[in-house]
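A.B. asks: Take a look at this one; I'll ask things after.
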Amino acid sequence: MERLGTCSILRGLAIFPVLCGSFAIAQIPTQCLEIESILVDACNPSAICPGSSEGQNEMVRFRTGPTPIALNELEADWPNNSWQGLIQDATTAQITAELNLTIESCGWLLEPPGGIIPAGSGVLLVTSTAMCTAANSFANLGDTLYIIFQDGNNSSGHFANSPASGQPISPTPPAGNSTRTLVLTYLPTNCSDTATYVRELLVNNLGSYGGISGENDGSTVQFSWPGTPTVTYVNFGCQAPIVPVGVQASSSGDLCGGGTVNITGVVTGAFDAAEWTGGTGTFGDASALETTYTAGPNETGDVTLTLCITGPCSDPICTTLVIPAGDAPVVTITTDGPTAICPGEQLTLTGSGADTYVWSTSEETPSILVDAPGTYSVTGTNACGDATASIEVTASPGPTVVITGDTVLCSGATVVLTASGADTYAWSTAETGASITVNSAGVYSVTGTNSCGQATATVNVVSGEQAVATITGNGPLCPGGTLVLTATGGGSYLWSTNDTTPTITVDEAGTYAVVVDNGCATATASVDISEVIIDASFAASVTVGEGPLTVQFTNASTPSGANALWVFGDGTTSNLSSPAHTFTDPGVYTVVLTVTDQGCTATASLAITVLAEPIEESSIEVPNVFSPNGDGRNDVLQLTSSGIISMSMEIFNRWGQEVMTLTSTNQVWNARTGSGGNVPDGTYFYTLVAQGSDGRTHELRGTITVLR
C-alpha cells in the first residue's frame, strides 16, 4: 500500500508538509463512491456545546471512485429529514481551520479545492455547518481527509438512535429489526451507494446495549467494501468517525520442531510499510502482510516474531506473535456418565488433546452422542500429526420380569409364585421378596427394579376345582386361507391335531377339539369349521364400442347375496349388484368386481375398449365472383367450409395493397375496405391458410371478381 505523495499546507502560522489526497488503501472504488461509516449517535454535551443538537454533529465517511465529484453533483437521501445541499464558504473554511487546530496526530482536514472532491479520496460529510467543533474529537486523526458540510438549515437528527437508549444496560440487544437506510447518489450518472443499519444492534460506549443517553453517544456503524459488504457496530466514544491505526498478527499453526507456517498481519487505518522481524529462520517476504516463516535449523521451541508498521505519523506500531513449537496430539476420551448404558439412554463421548476430530461414526465434532453398545474410536489431529483413542461402551439391560409357578390353585392347597429378571421386587401383596406363597385365586403382579428402571409382570391364579374349556376364533375359513383357534381355561392344552399350545392355525374345514387341564381337573371343547364358498364372476352387455359407451354389467357371483364393489377404471366406483356405467373418453378400461361374504373376498376383471368417434373431414371453398349491388343476391363474399377450427384470409387489389382480412369462416366481405369505402369493380387476389379439426392444413390462393 502506498501513500499519495506530499504537499505543503498552512497550519496555524507555519507551513507543514502533509499527504496529498486521502490516506491510501488497497484500491479505489470501481463505482462512483462507497460509504464506509456513519456516526449515528453524535455527541453534543450541553456544557460544551450549549444550544447544539445531535443532528448538527452527525457525520458520514465515504470514499470517491475513479471520477472527481463536484459538491453540487452529490445528493443524500437521509433516513430522517430532507437533503439541504452542500455548501462551501467562509463559515466552512473557519470550521475546518478550527478542527485542524485540535488534531494531535499527523492527520489533516481539507476542503475540496474549487468544490471538486478528487477521485479516490476519503471524505467526511458533516450534516450541518452549525456543528460544535468541540463535541466529537479529531485529536487522533492520522489521515488526510476531505471535509464537506450540508447547509445548516436543518438541525434535526438525520439518523435514528438505538431504541434501547434509556433502558437498563444489557449484554444482549433488544428485540426487533428496525432498519434505517442512507443513500448517497452521484447525480450525473445516477450512480449511488446504499448503507443500511439495524437500530437494535447499535452499541453503547460500554460495548453493550441500553444505558442513559450519554452512554450511547458515539455509536457508529462501519460498512466494508469491496465484495459482499459486512456491517459492524462499534462505539469509539465522542470521536469523529476516523479509523485508528492498529496492527494484529496471527499464524496458521505450529512449527512442530521445524517446517513452515503461514503468518498474517491485519492493519486498521492507513500505513506506509510493514516489516516482520525475529526468530532465526527465514520469511517468504518480510515486507508483506501475508507471508510465510520457515523455522531455523536449531529452532525447536516457541518462536517469537514482531510485525511493525510505519503509519502516517512515521512512528512504528508493533505487535508480537508467538508461534508454538507444537507437539503431536495426545488424544483422550471422557464421558458424562458410566460406560454401561441403559436402554434408551444416551452417553456423551468427548475427545480432547487435538485441534480436529474424526470419530468412527464419521462425525467430525469434539463430542458425540451414542445410544448403543460398541467400541468407539476418535482420531485427533493437529498441525504436528494425529493420534487415536478408543473406548468400550457396554449395555446395561433394563429389567425383564417373569413370574413362574403353578397358576391353578386346587382346593386346600397353596402355590408359590417366583419373580426373576430384576434386582429388587415389590408384589401387589406388599411383599418384597423374589417369591411369595398364595392360597387364594386372583391376579397377582410384581414390579422389578434394577439400575436401568422398572418392569411389571402379572399372573392370574385360577381356582382348579372345575376346568372350563372354551375355543375362540371359530369364524368361517376362506378359500385358500387360514384360521386361528385359541383355547382358554387351563394350564396345559392338547388339541385333536396333537398340538399342545393354547393357539393353533388351521387351513382345512372340519371339527377341532381341545382338552384343557388346570392342574386339578380337565375339560373338553370342540368347534366345527366350515369353508365358505365364494366366487366372483360377471358379464358385460358390450366390451367394445364408440364413446360415449354405456355398458350393462350383470353380477353372476356366488353367493348371490355377497356385497359387491365395482371399480370401473375411470376413477368411479359402484356398490350396486349389477350396475350400468357410461364410459365417455376413448381408451381401455379394466373393470374389477370384488365380492365379500362373511369376511371372505374374491375378485374378477374384464377389459372394456372405448373407441374414438370418427373425425369429420375438413374442407373450405372460396367463391370467385360476387355482385355487391344490394339486390339481395350474392351481395357478399361468403366462404363455404366444414370442420375448420382456425383461418386467416388476406385480400389484395391488383397493386398488392391489402383491402380486407378475414379471420373466421363466419365472416363475409361486402366489397368495402377496412375504413368503410367501396372498392372498385375488378379482380382481387387472396391468400388463405386454414386448420381443420382433422389435422389438415388448407393453403389456398386465387382471384375474386367484384362485379356490380
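The values are calculated or read from the model by the stated rules, or taken from the named source; none is laboratory data. Here the structure is a predicted model, which is why all the values come from computation and not from measurement. As a convention, Cβ positions derive from the backbone with ideal geometry for all residues, glycine included, and neighbour counts pool all protein chains shown. Remember, those area values only see protein heavy atoms, side chains included, never the ligands or the DNA or RNA. Shrake-Rupley method; radii C 1.70, N 1.55, O 1.52, S 1.80 Å.
A.B. asks: Among the residues in segment 521-530, are any under 57 Å from the mean Cα position of the chain (by Cα) and either surrounded by 15 or more Cβ atoms within 10 Å (Cβ to Cβ) or assigned to a strand (DSSP E or B) (or both)? Step through it out loud before you land on a result.
C.D. replies: Taking segment 521-530 and keeping what is under 57 Å from the mean Cα position of the chain (by Cα), we get none.
Looking for residues that are under 57 Å from the mean Cα position of the chain (by Cα) and either surrounded by 15 or more Cβ atoms within 10 Å (Cβ to Cβ) or assigned to a strand (DSSP E or B) (or both), one finds none in segment 521-530, hence no.
A.B. asks: Within segment 285-323, track down each residue that is in contact with a Leu (Cβ under 6 Å, 6 or more places away or on another chain), crowded, with 18+ Cβ neighbours inside 10 Å and in a strand (DSSP E or B).
C.D. replies: Let us first name the residues in segment 285-323 that are in contact with a Leu (Cβ under 6 Å, 6 or more places away or on another chain), namely 295, 305, 319, 321, 323.
When the remaining residues are screened for being crowded, with 18+ Cβ neighbours inside 10 Å, the result is 295, 305, 321, 323.
Matches in segment 285-323: L305, L321, I323.
A.B. asks: In this structure, is P229 without any contact (Cβ under 8 Å) to a residue 40 or more places away in the chain, in a loop (DSSP other than H, G, I, E, B) and in contact with a strand residue (DSSP E or B) (Cβ under 6 Å, 6 or more places away or on another chain)?
C.D. replies: Working: without any contact (Cβ under 8 Å) to a residue 40 or more places away in the chain: yes; in a loop (DSSP other than H, G, I, E, B): yes; in contact with a strand residue (DSSP E or B) (Cβ under 6 Å, 6 or more places away or on another chain): yes.
Yes.
A.B. asks: Kindly indicate the residue of segment 58-80 that is open to solvent by 20 Å² or more (accessible area, probe 1.4 Å) and under 38 Å from the mean Cα position of the chain (by Cα) and also nearest to L125 (Cα to Cα) among those meeting that condition.
C.D. replies: Looking at residues that are open to solvent by 20 Å² or more (accessible area, probe 1.4 Å) and under 38 Å from the mean Cα position of the chain (by Cα), I get D77.
A.B. asks: Just checking, which of V183, V203 is of a type in the set (A, V, I, L, M, F, W, C) and either open to solvent by 50 Å² or more (accessible area, probe 1.4 Å) or in a strand (DSSP E or B) (or both)? I'd like the intermediate steps shown before the answer.
C.D. replies: Numbers: V203 fails: either open to solvent by 50 Å² or more (accessible area, probe 1.4 Å) or in a strand (DSSP E or B) (or both).
The conditions single out V183.
A.B. asks: Of the conditions (1) at pLDDT below 95; (2) open to solvent by less than 80 Å² (accessible area, probe 1.4 Å); (3) part of a strand (DSSP E or B), T447 clears all except one; give me its number.
C.D. replies: Only one criterion is unmet by T447, namely (1).
A.B. asks: Continuing with this model, one more query. Could you please tell me which pairs satisfy a Cβ distance under 6 Å, a separation of 6+ or placement on different chains, a first residue in segment 534-546 that is within 22 Å of T603 (Cβ to Cβ) and open to solvent by 40 Å² or more (accessible area, probe 1.4 Å), and a second residue that is in a strand (DSSP E or B) and small (G, A, S)?
C.D. replies: Taking only residues 6 or more apart or on different chains, the pairs are D535/A602; S537/A604.
A.B. asks: Could we say that N653 is over 30 Å from G545 (Cα atoms) and loosely packed, with under 14 Cβ neighbours inside 10 Å here?
C.D. replies: No, not satisfied.
A.B. asks: What do you reckon, is N518 at pLDDT below 90, more than 55 Å from the chain's Cα centre (by Cα), over 23 Å from A419 (Cβ atoms) and not charged (D, E, K, R)? Steps first, answer last, please.
C.D. replies: Numbers: at pLDDT below 90: yes; more than 55 Å from the chain's Cα centre (by Cα): yes; over 23 Å from A419 (Cβ atoms): no; not charged (D, E, K, R): yes.
No.
A.B. asks: Let me ask something additional. Scan segment 225-253 residue by residue and report those that are open to solvent by 40 Å² or more (accessible area, probe 1.4 Å) and closer than 28 Å to T127 by Cβ.
C.D. replies: Scanning segment 225-253 gives W225, P226, P229, T230, V231, T232, Y233, F236, C238, P244, V245.
A.B. asks: In the list T418, T447, which residue meets the criterion of being in contact (Cβ under 8 Å) with a residue 40 or more places away in the chain and under 30 Å from I341 (Cα atoms)? Before the answer, list the steps.
C.D. replies: On the way: T418 fails: in contact (Cβ under 8 Å) with a residue 40 or more places away in the chain.
After applying the criteria, what remains is T447.
A.B. asks: Name the residue that is farthest from the chain's Cα centre (by Cα), counting only residues in segment 673-703 that are farther than 27 Å from I645 by Cβ and open to solvent by 60 Å² or more (accessible area, probe 1.4 Å).
C.D. replies: D681
A.B. asks: Report, by residue number, each residue of segment 581-610 that is farther than 16 Å from G547 by Cβ, hydrophobic (A, V, I, L, M, F, W, C) and open to solvent by 30 Å² or more (accessible area, probe 1.4 Å). Give the steps one after another, and end with the answer.
C.D. replies: Within segment 581-610, the first condition is being farther than 16 Å from G547 by Cβ, and the residues that meet it are 590, 592-606.
This time we only want the ones that are hydrophobic (A, V, I, L, M, F, W, C), so: 592-593, 595, 600, 602, 604, 606.
Within segment 581-610, V592, L606 qualify.
A.B. asks: Another question, then. In the set S646, S664, S578, which member is open to solvent by 30 Å² or more (accessible area, probe 1.4 Å) and in a strand (DSSP E or B)? Give the derivation first.
C.D. replies: On the way: S664 fails: in a strand (DSSP E or B); S578 fails: in a strand (DSSP E or B).
S646 is the lone residue from the list that is open to solvent by 30 Å² or more (accessible area, probe 1.4 Å) and in a strand (DSSP E or B).
A.B. asks: Given D41, D89, which one is open to solvent by less than 70 Å² (accessible area, probe 1.4 Å), without any contact (Cβ under 8 Å) to a residue 60 or more places away in the chain and acidic (D, E)? Let's see the steps before the verdict.
C.D. replies: Details: D41 fails: without any contact (Cβ under 8 Å) to a residue 60 or more places away in the chain.
Only one candidate passes the filter, namely D89.
A.B. asks: In segment 486-496, which residues are open to solvent by 60 Å² or more (accessible area, probe 1.4 Å) and among the aliphatic types (A, V, I, L, M)?
C.D. replies: Hit for segment 486-496 is L494, nothing else.
A.B. asks: Which of the following residues is out of contact with any Lys or Arg (no Cβ under 6 Å at 6 or more places or on another chain), at pLDDT below 95, open to solvent by less than 30 Å² (accessible area, probe 1.4 Å) and at positive phi: G51, G12, G21, G55?
C.D. replies: Numbers: G51 fails: open to solvent by less than 30 Å² (accessible area, probe 1.4 Å); G12 fails: open to solvent by less than 30 Å² (accessible area, probe 1.4 Å); G55 fails: at positive phi.
None of the other options fit; the residue is G21.
A.B. asks: Which residues, taken from segment 254-280, are touching a strand residue (DSSP E or B) at 6+ places or on another chain (Cβ under 6 Å), open to solvent by less than 20 Å² (accessible area, probe 1.4 Å) and in a loop (DSSP other than H, G, I, E, B)?
C.D. replies: Here is the first cut: in segment 254-280, the ones touching a strand residue (DSSP E or B) at 6+ places or on another chain (Cβ under 6 Å) are 255, 260-268, 271-279.
Next cut, open to solvent by less than 20 Å² (accessible area, probe 1.4 Å) only: 255, 261, 263, 265, 271, 274, 276.
L255, F271 - these are the residues of segment 254-280 that are touching a strand residue (DSSP E or B) at 6+ places or on another chain (Cβ under 6 Å), open to solvent by less than 20 Å² (accessible area, probe 1.4 Å) and in a loop (DSSP other than H, G, I, E, B).
A.B. asks: Kindly indicate whether any position in segment 497-509 is open to solvent by 80 Å² or more (accessible area, probe 1.4 Å) and hydrophobic (A, V, I, L, M, F, W, C). Reasoning before the result, please.
C.D. replies: To start, the set of residues in segment 497-509 that are open to solvent by 80 Å² or more (accessible area, probe 1.4 Å) comprises 498, 500, 505, 507-508.
Filter once more, so that each one left must be hydrophobic (A, V, I, L, M, F, W, C): none.
No, that holds for no residue.
A.B. asks: Quick one: count up the residues across segment 612-629 that are at pLDDT 90 or above, part of a loop (DSSP other than H, G, I, E, B) and open to solvent by 70 Å² or more (accessible area, probe 1.4 Å).
C.D. replies: 2
A.B. asks: Please go through (1) surrounded by fewer than 16 Cβ atoms within 10 Å (Cβ to Cβ); (2) touching a residue at least 24 places away in the same chain (Cβ under 8 Å); (3) not in a strand (DSSP E or B) for E392 and return the number of the only condition it doesn't satisfy.
C.D. replies: (3)
A.B. asks: Got a sec? Which of L307, L369 is touching a strand residue (DSSP E or B) at 6+ places or on another chain (Cβ under 7 Å) and closer than 26 Å to T394 by Cβ?
C.D. replies: Numbers: L307 fails: closer than 26 Å to T394 by Cβ.
Testing whether each residue is touching a strand residue (DSSP E or B) at 6+ places or on another chain (Cβ under 7 Å) and closer than 26 Å to T394 by Cβ leaves just L369.
A.B. asks: Name every residue in segment 324-361 that is charged (D, E, K, R) and either closer than 28 Å to G257 by Cα or not in a loop (DSSP other than H, G, I, E, B) (or both), in order of residue number. Explain how you work it out, then say what you get.
C.D. replies: Let us first name the residues in segment 324-361 that are charged (D, E, K, R), namely 327, 336, 345, 355.
Result: D327, D355.
A.B. asks: In segment 59-109, how many residues are assigned to a loop (DSSP other than H, G, I, E, B) and under 18 Å from T181 (Cβ atoms)?
C.D. replies: As a first pass, look at segment 59-109 and keep what is assigned to a loop (DSSP other than H, G, I, E, B): 65-68, 78-85, 88-89, 103-107.
Still in the running and under 18 Å from T181 (Cβ atoms): 78-83.
Summing the residues that are assigned to a loop (DSSP other than H, G, I, E, B) and under 18 Å from T181 (Cβ atoms) in segment 59-109 gives 6.
A.B. asks: Which residues, counting only those in segment 343-369, are under 30 Å from T449 (Cβ atoms) and crowded, with 19+ Cβ neighbours inside 10 Å?
C.D. replies: Narrowing segment 343-369 to residues under 30 Å from T449 (Cβ atoms): 343-349, 369.
If the condition is that a residue be under 30 Å from T449 (Cβ atoms) and crowded, with 19+ Cβ neighbours inside 10 Å, then L347, L349 are the ones that fit.
A.B. asks: Specify the residue that is nearest to T522 (Cα to Cα); the eligible residues are those in segment 468-485 that are open to solvent by 40 Å² or more (accessible area, probe 1.4 Å) and in a strand (DSSP E or B). Explain how you work it out, then say what you get.
C.D. replies: We begin by selecting, within segment 468-485, every residue open to solvent by 40 Å² or more (accessible area, probe 1.4 Å); these are 468, 470, 472, 474, 476, 479-480, 482, 484.
Filter once more, keeping what is in a strand (DSSP E or B): 470, 472, 484.
Details: T470: 12, T472: 18, V484: 23 Å.
Result: T470.
A.B. asks: Follow-up question, since we're still on this one. If I ask for residues that are in contact (Cβ under 8 Å) with a residue 60 or more places away in the chain and either over 19 Å from W78 (Cα atoms) or out of contact with any helix residue (DSSP H, G or I) (no Cβ under 7 Å at 6 or more places or on another chain) (or both), which ones from segment 166-184 would you list?
C.D. replies: Narrowing segment 166-184 to residues in contact (Cβ under 8 Å) with a residue 60 or more places away in the chain: 180-184.
Scanning segment 166-184 gives T181, L182, V183, L184.
A.B. asks: Kindly indicate whether any position in segment 325-336 is more than 30 Å from A274 (Cα to Cα), open to solvent by less than 40 Å² (accessible area, probe 1.4 Å) and at pLDDT below 90. Steps first, answer last, please.
C.D. replies: Initially, segment 325-336 is screened for residues more than 30 Å from A274 (Cα to Cα), giving 327-336.
Subsequent filtering for residues that are open to solvent by less than 40 Å² (accessible area, probe 1.4 Å) retains 329, 331, 333.
This time we only want the ones that are at pLDDT below 90, so: 329.
Yes, segment 325-336 contains a residue that is more than 30 Å from A274 (Cα to Cα), open to solvent by less than 40 Å² (accessible area, probe 1.4 Å) and at pLDDT below 90.
A.B. asks: State whether the residues of segment 137-155 include one that is assigned to a helix (DSSP H, G or I), modelled with pLDDT of 95 or more, open to solvent by 10 Å² or more (accessible area, probe 1.4 Å) and more than 23 Å from D217 (Cα to Cα). Don't jump to the end; show me each part of the working.
C.D. replies: Restricting attention to segment 137-155, the residues satisfying the condition of being assigned to a helix (DSSP H, G or I) are none.
Checked segment 137-155: no residue is assigned to a helix (DSSP H, G or I), modelled with pLDDT of 95 or more, open to solvent by 10 Å² or more (accessible area, probe 1.4 Å) and more than 23 Å from D217 (Cα to Cα).
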